[in-house]
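The structure under discussion appears below in the form of structure tokens.
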Amino acid sequence: MKMQNSVLRPLDSTVLSLTERTINVLREAIRNGSLTPGALYSVYQIAEDLGVSRSPVREALLRLAETGIVRFERNKGFRVVIPGPKALAEMISVRIALEVPAARRAALVVKAGTDHGLLAECTAMEAAAATQNELLFMAHDQRLHTIILELAGNHYVQRIIENLRDGSRLVGSSTITGSRTLYQVYEEHRPIVDAIVAGDSDAAALAMDHHLRVTGRILLRDAVSRPDAGEHTDDAELWARFID
């Protein structure tokens with residue numbers, strides 16, 4: 001049987017779908033505070049602001065709702081949701097479970113002399129810390145973690161971690177004010193990068209584990225101190241239950 005000639009062109013895998021681009025825009029709006037936790041937003045207004053139809057906005061919000069950082073309200077719109085202490089403890093636990101072996105894997109596969117961008121991002125973090133530019137610092141922090149996950153080679157893990165980072169970030173714009181300086185956060189990342197570049201998988205895993213646990217304890221302590229923490233007001237109990 002004679003096959004018909006192809007009538008469809010191959011998809012360009014480098015081009016993100018409209019839904020994916022919408023997700024990225026909404027994520028960034030949540031990260032930079034343009035979308036405020038607790039405020040009610042209209043799907044129609046978001047679509048109009050972005051210059052797209054409501055379909056990709058709804059699809060993007062449904063995807064974000066699966067991560068717990070967006071909640072729909074029937075016939076009203078949606079809100080950005082700050083995770084409660086229990087949800088946050090679970091997020092921290094998953095991040096440790098996935099990012100520590102990712103750092104180990106990155107150190108095992110990275111090749112000496114490869115321009116993977118880790119050192120550049122780490123240097124950029126140090127420069128941003130020196131000028132106290134928190135927004136720029138956090139952007140480089142995000143990119144550094146993304147590169148590590150890319151080196152590890154598991155795109156499903158990368159997507160999960162991006163969602164979890166967005167959720168945990170909503171507890172506070174960062175863990176810096178009153179807890180750590182930008183330079184102290186940079187100093188937690190430097191051993192991770194140095195170990196990966198040196199191909200030391202054990203050191204990379206230990207350094208990542210240390211960083212995530214320090215960050216997690218600060219986030220959880222802040223979460224239980226909020227007025228809406230509910231019944232979960234003991235961060236040590238939650239830590240022991242979900243992480244240790």
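Looking at the calculated P(r) for region 15-152, what percent of the C-alpha pair distances fall above 28 Å?
33
Using a 10 Å cut-off around each Cβ, can you sort TYR156, TYR186, TYR44 from fewest to most neighbouring Cβ atoms?
Ranking TYR156, TYR186, TYR44 by Cβ neighbours within 10 Å, fewest first, gives TYR156, TYR44, TYR186.
GNM on the chain, C-alpha springs below 10 Å: top fluctuator among LYS76, LYS111, LYS86?
Maximum fluctuation in the GNM of the chain, among the listed residues, is at LYS76.
Would you mind classifying the chain by shape? Square roots of the alpha carbon gyration tensor eigenvalues, ordered a ≥ b ≥ c; an a/c under 1.5 is rounded, otherwise it is prolate if a/b is larger than b/c and oblate if not.
Oblate is the answer for the chain, as a/c is 1.5 or above yet b/c matches or exceeds a/b.
Rank GLY84, GLY68, GLY117 by mean-square fluctuation in a GNM of the chain with C-alpha springs under 10 angstrom and give only the top-ranked residue.
Of GLY84, GLY68, GLY117, the most mobile in the Gaussian network model is GLY117.
Restricted to Cα positions, what overall size does region 18-80 have along the principal axes? Three whole-Å values, descending.
So the three principal-axis extents are 26, 25, 20 Å.
Sort the following peptides by mean Cβ neighbour count (other Cβ atoms within 10 Å, averaged over residues), highest first: 95-106, 134-145.
Ranking the peptides 95-106, 134-145 by packing returns 95-106, 134-145.
Where the eigenvalues come from the Cα gyration tensor of region 77-183, what are the semi-axes √(5λ) of the equivalent ellipsoid, largest first, in whole Å?
24, 20, 11
Throughout, read-outs are computed from the coordinates displayed, never taken from laboratory work. These figures come from a predicted structure and were not determined experimentally. Positions of Cβ are backbone-derived with ideal geometry, glycine not excepted, and every protein chain shown enters the neighbour counts.
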